[in-house]
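Engineer: Sharing a structure with you now.
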Amino acid sequence: MNGSASNEEEALNGNKKKFEAGEPPNMKEPPRHRPLTPLRIFRGVLCLVVILSTAFMMLVYWAPVTVLLFRLFSVHYSRKGTSILFATWLSLWPFLFEKINKTKVVFSGDRVPKKERVLLFANHRTEVDWMYLWDLAFRKGRLGYIKYILKSSLMKLPIFAWGFHILEFIPVERKWEIDESIMRKRLSTFKDPRDPLWLAVFPEGTDYTEQKCIKNQQYAAENGLPILKNVLLPKTRGFYACLEHLRSSLDAVYDVTISYKHRCPVFIDNVFGVDPSEVHMHVQRIPINEIPTSEEDAADWLVERFRLKDQLLSDFVSRGHFPCEGTEGELSTPMCLVNCFVVISLTIIFIYLTLFSSVWFKVYVAFSCAYLSFITYYGVQPPQVLGYVKAMFDAKKTS
């Protein structure tokens, strides 16, 4: 134990000296796995145009139906309709990653069931980790039901912010005194066990960098916490708030550890297909009754999970893989092609109706854009009118 602590302290001091001298703690990042050729640039731009145009048309034509009209009668069926429609569109991303870019996605660990309500937490290596969780959700039939806790600045992205809002992602400022009330309000709407749910959390609160790691290690050393090399210490309050509100309706918690070969990608790498060569995801399923109920014990439990996650990532670096690989198969190419054909065909029809058909379609699109902008900017969802009317009628009947 003393030798291990001494080694950790030496590594921390060495990293600190390099950081203060302006040197990187580790080796330089390797070059891209695939060269950025003109063909890849053309293909990437084409894919991005397809994704943006299909997103826009699917949102403006379907969102008022599933999010406004359906929700007036039933929140449950509104969520179901929205999830089915947008799972079809979201399937374009795994298709891009695995079939067009030829990125190998390897799953290991536990083979998780398909129909569970879960809280999922993962390490945050780069800005696109959350997108690769779609590859797992797609295989489990939960692509339209995955929801993220994400930084509020992403709610300002054109078009995508509309989608984030109607899919009920939870925006946060990463300041607990501001986020607590917002999170608790949003989480209280996810308690219905009839609604499928994959709620994804990144407890580190930010993506990993060497500089952040050094500062995190210094904080850990000063406060008697584990000194981690491959992840940052988790922020526990948001995770516990999710557990506290949803525990009674959850089946399990999924601990997902993500690592990359050849190097960690950024968004533009995904678009052009130059990196990564492989994405490895290790999934561990923890039954909800095995997680402590008190906030202090749950916080300690989460820190310990990240210590184990750090060790798992160190083993990955030395071995080149996670244990128990091959828990999920490859995506079905015919299914991906069918989904892609459906989305693109609908988009072509919607574009034709908007530009060349009745003026009422232009009015509808204008109304839809205004409606989506309004509800996203003010963070509101329409009420379930039928439920209120029924409750009032039942109250009068009993009185």
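Values in this text are rule-based calculations from the coordinates and carry no lab data. The structure displayed is predicted, hence computed values, not measured ones. Every residue, glycine as well, gets a Cβ built from its backbone with ideal geometry; the counts of neighbours run over all protein chains shown.
Engineer: For region 193-209, give me each residue that is under 15 Å from residue 118 (Cβ atoms) and among the charged types (D, E, K, R).
Structural biologist: Residue satisfying the conditions is 195 alone.
Engineer: Out of region 148-159, which residues are surrounded by fewer than 19 Cβ atoms within 10 Å (Cβ to Cβ) and on the phi < 0 side of the Ramachandran plot?
Structural biologist: 150, 151, 152, 153, 154, 155, 156, 157, 158
Engineer: Right, next: Take residue 142 and tell me if it is more than 27 Å from residue 304 (Cα to Cα), touching a Phe, Trp or Tyr at 6+ places or on another chain (Cβ under 9 Å) and basic (Lys, Arg).
Structural biologist: The answer is yes for residue 142.
Engineer: Right, something else. Applying the selection to region 298-336, what residues are over 22 Å from the mean Cα position of the chain (by Cα), aliphatic (A, V, I, L, M) and closer than 22 Å to residue 143 by Cβ?
Structural biologist: Listed by number, the list holds a single entry, 335.
Engineer: Output the residue which, of all residues in region 160-203 that are within 17 Å of the chain's Cα centre (by Cα), among the β-branched types (Val, Ile, Thr) and under 20 Å from residue 82 (Cβ atoms), is surrounded by the most Cβ atoms within 10 Å (Cβ to Cβ).
Structural biologist: 166
Engineer: Would you be able to tell me the number of residues in region 240-261 that are among the aromatic types (Phe, Trp, Tyr) and more than 21 Å from residue 134 (Cβ to Cβ)?
Structural biologist: 1
Engineer: Here's a follow-up. Can you name every residue in region 204-225 that is under 14 Å from the mean Cα position of the chain (by Cα) and among the small types (Gly, Ala, Ser)?
Structural biologist: 205
Engineer: Select from region 275-287 the residues that are in contact with a helix residue (DSSP H, G or I) (Cβ under 8 Å, 6 or more places away or on another chain) and in a loop (DSSP other than H, G, I, E, B) and write down the one among them that is surrounded by the most Cβ atoms within 10 Å (Cβ to Cβ).
Structural biologist: Restricting to residues being in contact with a helix residue (DSSP H, G or I) (Cβ under 8 Å, 6 or more places away or on another chain) and in a loop (DSSP other than H, G, I, E, B), the top hit is 276.
Engineer: Report, by residue number, each residue of region 102-132 that is touching a strand residue (DSSP E or B) at 6+ places or on another chain (Cβ under 6 Å), within 29 Å of residue 377 (Cβ to Cβ) and of a type in the set (A, V, I, L, M).
Structural biologist: Answer for region 102-132, where residues must be touching a strand residue (DSSP E or B) at 6+ places or on another chain (Cβ under 6 Å), within 29 Å of residue 377 (Cβ to Cβ) and of a type in the set (A, V, I, L, M): 119, 120.
Engineer: Can you tell me which condition residue 271 does not meet? The list is (1) closer than 26 Å to residue 115 by Cα; (2) surrounded by 18 or more Cβ atoms within 10 Å (Cβ to Cβ), and all the others hold.
Structural biologist: The failed condition is (1).
Engineer: While we're on this one: List pairs: first residue in region 368-381 and under 14 Å from residue 170 (Cα atoms), second residue among the aromatic types (Phe, Trp, Tyr) and surrounded by 14 or more Cβ atoms within 10 Å (Cβ to Cβ) anywhere in the structure, Cβ distance under 7 angstrom, at least six positions apart or on different chains.
Structural biologist: Matching pairs, first to second residue: 376/162.
Engineer: Does residue 241 satisfy being surrounded by 14 or more Cβ atoms within 10 Å (Cβ to Cβ), among the small types (Gly, Ala, Ser), touching a helix residue (DSSP H, G or I) at 6+ places or on another chain (Cβ under 7 Å) and farther than 30 Å from residue 209 by Cβ?
Structural biologist: The answer is no for residue 241.
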